[in-house]
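S.K.: Before anything else, here's the structure in question.
A short reminder: the numbers here are calculations on the coordinates, not readings from a lab. Everything numeric here is computed off the predicted structure, so don't read it as measured data. Ideal geometry is used to build each Cβ from the backbone, glycine not excepted, and the neighbour counts take in all protein chains shown.
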Amino acid sequence: MSSYCCVVVGAGGISQVWFKALVQESVAVKAVVDLQVEAARRRIQEFNLEAEPSDNLKAMLKKHRPDFVLDLTVPEAHAAVTCAALRMGCHVIGEKPMASDMTAARRMVKLAEKTGRLYMVSQSRRREARNEALRSAAASGAIGRLTTVNCDFYIGAHFGGFRDTMASPLILDMAIHHFDLARFFSGADPVAVYAREFNPRGSWYRGDVAATCVFEMSDGLVFTYRGSWCAEGCPTSWNGDWRLIGDKGTLICERDQPPRGQGVNGTEGFIRPLKDLDIPVPPLPAEGYHAGLREMLEFLKTGQKPQTECHDNIRSLAMVFAAIESSRKGRRVPVRSI
């Protein structure tokens, strides 16, 4: 049972899953802040919280002095919310992406350093059992030294609303998940990228909603990403379909099925004999958003930093903006996080 308290900022749709986790972990929600106070009040009533609805973040931080702030606002507001909380001495866990541009993201990281507070980004897909199984299998050496990571993501998503008018809806709003998973699976960091964004014929989006990106990663690894949010038929999962290739075998995870793989089992033949690999998917004590919350609570107890602490997560965000820059300039560009 938790003995910690928080202030939640943002009472939109994503807040439902977070409030469920907060209640399960017995975190005391002292205030819910939203520009629409009535939205904050509805969430408080929905989850039977003893919390104060407000549209004034600084007043709530000063009044309640929470252990941490949960930032569930739109990306454009992340920097302002996070920086206000850090300056008031609060740790912060926020939704992805970290910020709407790299200048703001770097400012947030520097302020976390200056204040000595923790800022972590959720990145919920890292905390799913099948993804952890794929990462563990790659790290075990079962397929030898990893050389190549490929991800395909194809879904015909009819959102309506702001995504339909964004300049780079796929890369900016969705690909952060896949770029971060590529780092998670491989343990490698981005070096440079060549990307091509485009808007396919028949698209119902105004901006470039499809992309192909080739990332040069550390240790010579290459990560290739192909994706579209206006691909009708034969969809992948939201996690994407993955192929990890090592010098001694291959791992595959498709449509959210348990990962599978084959490794080399001999040294003779035009195509070497192969053996199926055993890739167990052990259950996790918590997954997704709930697991991210638990990492924050563990940090408060022990000081153990979460895996998506801001100094790490900014490297995934840098992949997003480097890919957009590469597409607009039509050339390879380096990926710089700090």
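S.K.: Shape call for region 110-227 from the C-alpha gyration tensor, a ≥ b ≥ c root eigenvalues: rounded (a/c under 1.5), prolate (a/b greater than b/c) or oblate?
M.R.: oblate
S.K.: Then there's this: Could you put ARG42, ARG117 in order, starting from the residue whose Cβ has the fewest other Cβ atoms within 10 Å?
M.R.: ARG42, ARG117
S.K.: Could I ask something else about it? Which is the longest part of the chain that has none of the GluC sites (Glu not before Pro) sitting in a DSSP loop with at most 13 other Cβ atoms within 10 Å?
M.R.: It works out to 51-231.
S.K.: Just to be sure I understand: with springs between alpha-carbon atoms less than 10 Å apart, which residue in ALA59, ALA139, ALA104 has the highest mean-square fluctuation in the Gaussian network model of the chain?
M.R.: Checking each option, the largest mean-square fluctuation is seen for ALA59.
S.K.: For region 193-231 and region 309-338, compute the distance between their C-alpha centroids and round to whole Å.
M.R.: 13
S.K.: Based on other C-beta atoms within 10 Å, arrange CYS5, CYS230, CYS151 from fewest to most.
M.R.: If I rank by nearby Cβ atoms, fewest first, I get CYS5, CYS230, CYS151.
S.K.: Now a separate question. For region 216-338, rounded, prolate or oblate, judged on the Cα gyration tensor with a ≥ b ≥ c (square roots of eigenvalues), a/c < 1.5 rounded, else prolate if a/b > b/c?
M.R.: Verdict is oblate for region 216-338.
S.K.: Also, quick follow-up: Which of rounded, prolate or oblate describes region 5-121 when judged by the alpha-carbon gyration tensor and an a/c cut-off of 1.5?
M.R.: prolate
S.K.: Please tell me which of these pairs span more than 25 angstrom C-alpha to C-alpha: LYS114/LYS329; LYS114/LYS305; LYS20/LYS301; LYS248/LYS305; LYS30/LYS110; LYS58/LYS110?
M.R.: Violating the 25 Å limit, Cα to Cα: LYS114/LYS329; LYS248/LYS305; LYS30/LYS110.
S.K.: Figure the gain on full extension for VAL23 and ARG145 (residue separation times 0.36 nm, minus the Cα-Cα span) and round it to one decimal in nm.
M.R.: Extra length from VAL23 to ARG145 when fully extended: 39.6 nm.
S.K.: Also, quick follow-up: Length gain on complete extension for the stretch CYS234 to GLU76, per 0.36 nm per residue less the alpha carbon to alpha carbon distance?
M.R.: The CYS234-GLU76 span can extend by a further 53.6 nm.
S.K.: Computed from the coordinates I sent, Rg and Dmax of the Cα atoms in Å equals one of [x] 20.9, 72; [y] 20.1, 61; [z] 18.6, 59. Tell me the label.
M.R.: [x]
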